[in-house]
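**Q** Next up is a structure, given as C-alpha cells.
The values are calculated or read from the model by the stated rules, or taken from the named source; none is laboratory data. Quick caveat: nothing in here was measured; it's all calculated off a predicted structure. Note that each Cβ is placed from the backbone with ideal geometry, even for glycine, and that neighbours are counted across all protein chains shown.
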Amino acid sequence: MKKIIFIVSIFCLFFSMNVFAKTVQSEYETAVSHFIDMIKNNDINKLSDNVSYPLIRHYPIAAIKDKKDFIKRYPILFDETLKKMIVNSNPKKDWHPVGGRGIMLFSGVVWLDYDGNLIAVNYASVSERETEEKFLKEENNKLYPPLKDFKKLEFIVDTKEKRIRVDDVGGSAYRYATWDKKKSMSTKPELIINGGKIENYGSGGNRAYIFTNGEYRYEISFSYAGDSDAISMELTIFKSEKEIFNQAIEYYYK
C-alpha cells in the first residue's frame, strides 16, 4: 500500500510540475506574441508604454530616457532588418526564458521581462553604427596624446565614479587608463597601467582583463550566459592579494 501511495504521489508531483511549466510557457508566449504584434503593426504609442526606461544603448549612443524619446528614436532603433527579425520570429521556438533575467530573442538580440515589457535591444542599426564610428573616430582624435598609440579599442566601461578605457596595444598586451567619469578622455588619466593580460574561463566567453601595478591588481571581469551579452561585469581591486574594492560596471561599450 505504501508503495502505491508513493507512486501516486510521484505521479501527482510530475503532473503538477508539467502543468506549471506549461502555464509559465503559455504566459510568456502570450507576452511575446503581444510584443511581436506591436512591432508588426508599428504601434509605436502602445509599444512606448511597454518599455523599461531608461533603455540603454551601446556607448556612445545615449540611453533612451522616456516615452517621448523612444517615439522619436523608434525608426532608428527598430530598422527594417530588426523588425523583420522580430515579426518573423516564432514565440515557441525563437524566444527563450532565462531565469529571472527575462525572455530573449535568439541569443539575446532583444530582451523582454515576463510582463512583455522591452528591457534591452542588443542590436545596432546601420544608422547607430555610423554614429558610433564617427563619434569614436572624433573621440580618438581628441584622446590624451600618449594613449593614441594602440592597435584596437578593446572596450570602455563606467563604474559609479570612473570611466575606464582598455586598449589592445599589440603583442597580446593591453593597457588600462582611468579618469573621473566627469572628465574628458582628452585629459591626463588618473592612472595608466601597461602590460595587461586576459585570462579566459571555460568555453562560454567568461574572461577577466588583469593589470598589475606594484602591489595592486586590477581585474575587469565579464561573465556570460551562452551566446548572450555579458550578464555580469565587475571591477575588482586587490592589494597584496587581498580584495579591497569591488563594484559593478554600469555601462559597456565593446
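**Q** Can you tell me which of (1) without any contact (Cβ under 8 Å) to a residue 40 or more places away in the chain; (2) more than 29 Å from residue 208 (Cβ to Cβ); (3) not in a helix (DSSP H, G or I) is the one residue 141 doesn't meet?
**A** (3)
**Q** Hey, among 72, 83, which residue is within 26 Å of residue 45 (Cα to Cα) and either assigned by TED's automatic domain parsing to the domain that holds residue 176 or touching a residue at least 40 places away in the same chain (Cβ under 8 Å) (or both)?
**A** Result of the check over 72, 83: 83.
**Q** Moving on to the next point. Going through the range 110-135 one residue at a time, which ones are touching a strand residue (DSSP E or B) at 6+ places or on another chain (Cβ under 9 Å) and under 17 Å from residue 56 (Cβ atoms)?
**A** Within the range 110-135, 110, 111, 112, 113, 117, 118, 119, 120, 121, 122, 123, 132 meet the criteria.
**Q** Name, by its number, the condition in (1) acidic (Asp, Glu); (2) under 30 Å from residue 80 (Cβ atoms); (3) part of a loop (DSSP other than H, G, I, E, B) that does not hold for residue 133.
**A** Every listed condition holds for residue 133 apart from (3).
**Q** What single numbered condition from (1) surrounded by 13 or more Cβ atoms within 10 Å (Cβ to Cβ); (2) in a loop (DSSP other than H, G, I, E, B); (3) without any contact (Cβ under 8 Å) to a residue 24 or more places away in the chain fails to hold for residue 150?
**A** (3)
**Q** While we're on this one: When the residues of the range 212-227 are filtered to those that are of a type outside the set (Ser, Thr, Tyr) and more than 12 Å from residue 199 (Cβ to Cβ), which remaining residue is modelled with the lowest pLDDT?
**A** Once the filter is applied, the top-ranked residue is 227.
**Q** Here are 158, 180, 167: which of them is closer than 13 Å to residue 209 by Cβ, under 25 Å from the mean Cα position of the chain (by Cα) and not small (Gly, Ala, Ser)?
**A** That would be 167, the only listed residue that is closer than 13 Å to residue 209 by Cβ, under 25 Å from the mean Cα position of the chain (by Cα) and not small (Gly, Ala, Ser).
**Q** Looking at the range 81-104, which of its residues are closer than 19 Å to residue 48 by Cβ and not β-branched (Val, Ile, Thr)?
**A** 82, 83, 102
**Q** Okay, moving on. In the range 163-183, which residues are loosely packed, with under 13 Cβ neighbours inside 10 Å and either part of a strand (DSSP E or B) or in contact with a helix residue (DSSP H, G or I) (Cβ under 7 Å, 6 or more places away or on another chain) (or both)?
**A** Of everything in the range 163-183, those that are loosely packed, with under 13 Cβ neighbours inside 10 Å and either part of a strand (DSSP E or B) or in contact with a helix residue (DSSP H, G or I) (Cβ under 7 Å, 6 or more places away or on another chain) (or both) turn out to be 170, 180.
**Q** Separate question: Please state which one of 126, 110, 98 is among the β-branched types (Val, Ile, Thr) and touching a Gly at 6+ places or on another chain (Cβ under 9 Å).
**A** The conditions single out 98.
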